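> Okay, here's the structure, questions in a sec.
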Amino acid sequence: MRKTVIGLNLSYFNRAAIGVVLGFISLFLPYISRDGERSSMVSTALSLMGAEGGSKITFFVYCAVLLTAVSFVLGVVNFFKTTVAGVKVWQCVQAFATAFWTFLLFASKNILEGAGLQTSFLNKYLGIGFWIGLAAAYFGLFFIMKVTQTNPGYIALTILGVIWLFPILWILLTALRAEQGYYVGYFFPKGLTFQNFINLFSNKSVLPFGRWWMNTFIVASFICVINTLIVLMTSFVLSRTRFKGRKGFMNILMIIGMFPGFMSLIAVYNILKGLGLNQSLMALIVVSAAGAAMGYHVSKGFFDTIPKAVDEAAIIDGASRLQIFTRITLPLSKSIIVYTALGSFLGAWSDYIFPSMLFGDKQSSYTAAVGLYWLTDFRRIDTYYTQFAAGAVVVALPIVILFIWLQRFYVEGLSGSVKG
């Protein structure tokens, strides 16, 4: 049993060392195994250094080799003289090594084909050395974190974070990709450009994306204001007043809200057509406002948490119900107002099903969601796919900014509703 070092759990040290040693050995095992030809990570790195061509992300290979070797050296050093600082440095190096081994899953094709070492490369050609190195990197990092008494759950959270962020990163890289086409067979673009974003708003563009975006903004803004007012007023009435049929009304709204909205789309469309509102932006606003009251549950729960004694004191002073609502309740309900407004805006901004049926072939009325989906038709997807990705980024960016800005109020609105 090795001596104890304060702040370290050395019972896991040997297992951590095994992982790091296996990672170092994997550098000399086949990294590429294809058609009987094998090449280790080290020999591949040396070949990349001597190659005429190359990819901008070739350094992934160099970093994986270098950091794995450095981690092995640090493991040997800490074996003979273990210190808290030394093990923590070892942990940081191993974490970066693990990250670069993981990146090679997505970057190997670009790196090897860019240097002319491989053609039509697929991940199935990755050799046993790569898979042992990848597994050993995570194995070693896990037990080094055990040694430093760091919660290994951070590894799982990091992996889940990468999985969640992967589609976002992919669509962003596609939007910046210089190569056109729907399928390119690799993750990292060979060339980056902002031309896809420029083409969306260019006067010469055949796509009226600017108009689609503005249509979406107009509809979402009106729906946000109107729905927020309707929901808040409905919630206030149901929370603060008692009248005959109140419970029955609440039950009816709850039952109707249980049915998915698309069940009534055909009937709603025929009604709008009879009123002459089909294929218009006004139809989206009217339909959304008509069903807004069914979303009263969260805000009513929040209003229930506000003491009724405040209302009673205001009534004694001669205030009307409207004055109580506008001058007392709303100023105390900033978080739920933001929550309701943000939810209404997000729903209208990303709505696709009803607008796609409502507008038909009238492109001038398309919202961004309908217009972007139109670009994915099999006749257009190969030509406009990178512009579709750019449009998706442009549509998502305002929502991300808005949500980050108002996130605190959004969470407060949810927590406040639980109290009731």
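The values are calculated or read from the model by the stated rules, or taken from the named source; none is laboratory data. Note that the coordinates shown come from a computational prediction; the quantities given were computed from them, not determined experimentally. No Cβ is skipped: glycine too gets one built from the backbone with ideal geometry, and neighbour counts run over all protein chains shown.
> Please enumerate the residues belonging to the range 15-38 that are touching a residue at least 12 places away in the same chain (Cβ under 8 Å) and either closer than 14 Å to Q118 by Cβ or not hydrophobic (A, V, I, L, M, F, W, C) (or both).
R15, G19, G23, S26, P30, Y31, I32, S33, R34, R38
> Identify, from the list I159, I198, I163, I128, the residue that is over 30 Å from G86 (Cα atoms), surrounded by fewer than 15 Cβ atoms within 10 Å (Cβ to Cβ), under 23 Å from the mean Cα position of the chain (by Cα) and among the aliphatic types (A, V, I, L, M).
On the way: I159 fails: over 30 Å from G86 (Cα atoms); I198 fails: under 23 Å from the mean Cα position of the chain (by Cα); I128 fails: under 23 Å from the mean Cα position of the chain (by Cα).
Testing whether each residue is over 30 Å from G86 (Cα atoms), surrounded by fewer than 15 Cβ atoms within 10 Å (Cβ to Cβ), under 23 Å from the mean Cα position of the chain (by Cα) and among the aliphatic types (A, V, I, L, M) leaves just I163.
> Residues T326, T367, T386, T340: which one is modelled with pLDDT of 85 or more and in contact with a strand residue (DSSP E or B) (Cβ under 8 Å, 6 or more places away or on another chain)? Quick ask: steps written out before the conclusion?
Details: T326 fails: in contact with a strand residue (DSSP E or B) (Cβ under 8 Å, 6 or more places away or on another chain); T367 fails: in contact with a strand residue (DSSP E or B) (Cβ under 8 Å, 6 or more places away or on another chain); T340 fails: in contact with a strand residue (DSSP E or B) (Cβ under 8 Å, 6 or more places away or on another chain).
Matching residue, one of T326, T367, T386, T340: T386.
> Among the residues of the range 77-107, which ones are surrounded by fewer than 17 Cβ atoms within 10 Å (Cβ to Cβ) and either more than 29 Å from A17 (Cα to Cα) or aliphatic (A, V, I, L, M) (or both)?
Correct list: V77, V84, A85, V89, L105.
> Scan the range 108-120 for residues that are surrounded by 22 or more Cβ atoms within 10 Å (Cβ to Cβ) and hydrophobic (A, V, I, L, M, F, W, C) and jot them down.
I111, L112, listed by residue number.
> While we're looking at this one, here's another question. Which of the residues that make up the range 308-326 are surrounded by fewer than 19 Cβ atoms within 10 Å (Cβ to Cβ), in contact (Cβ under 8 Å) with a residue 12 or more places away in the chain and closer than 25 Å to A289 by Cα?
R321
> Here's another thing I want to ask about it. Is it fair to say V394 is in contact (Cβ under 8 Å) with a residue 40 or more places away in the chain and either under 25 Å from I271 (Cβ atoms) or in contact with a Leu (Cβ under 6 Å, 6 or more places away or on another chain) (or both)? Full working, then the answer.
Numbers: in contact (Cβ under 8 Å) with a residue 40 or more places away in the chain: yes; either under 25 Å from I271 (Cβ atoms) or in contact with a Leu (Cβ under 6 Å, 6 or more places away or on another chain) (or both): no.
Answer is no for this residue.
> I would also like to ask the following. Do you know which of the residues in the range 272-304 that are more than 33 Å from the chain's Cα centre (by Cα) and surrounded by 15 or more Cβ atoms within 10 Å (Cβ to Cβ) is nearest to A368 (Cα to Cα)?
Just the residues of the range 272-304 that are more than 33 Å from the chain's Cα centre (by Cα), to begin with: 272-278, 304.
Of the ones still in play, those that are also surrounded by 15 or more Cβ atoms within 10 Å (Cβ to Cβ) are 272, 277-278, 304.
Numbers: L272: 21, L277: 20, N278: 18, D304: 38 Å.
Ranking the candidates gives N278 first.
> If you don't mind, there's one more thing I want to ask. Kindly indicate which of F187, F236 is in a loop (DSSP other than H, G, I, E, B), in contact with a Phe, Trp or Tyr (Cβ under 8 Å, 6 or more places away or on another chain) and touching a residue at least 60 places away in the same chain (Cβ under 8 Å).
On the way: F236 fails: in a loop (DSSP other than H, G, I, E, B).
Going through F187, F236 in turn, just one is in a loop (DSSP other than H, G, I, E, B), in contact with a Phe, Trp or Tyr (Cβ under 8 Å, 6 or more places away or on another chain) and touching a residue at least 60 places away in the same chain (Cβ under 8 Å): F187.
> Can you give me the number of residues within the range 351-379 that are within 23 Å of M263 (Cα to Cα) and either aliphatic (A, V, I, L, M) or in a loop (DSSP other than H, G, I, E, B) (or both)?
The qualifying residues number 11.
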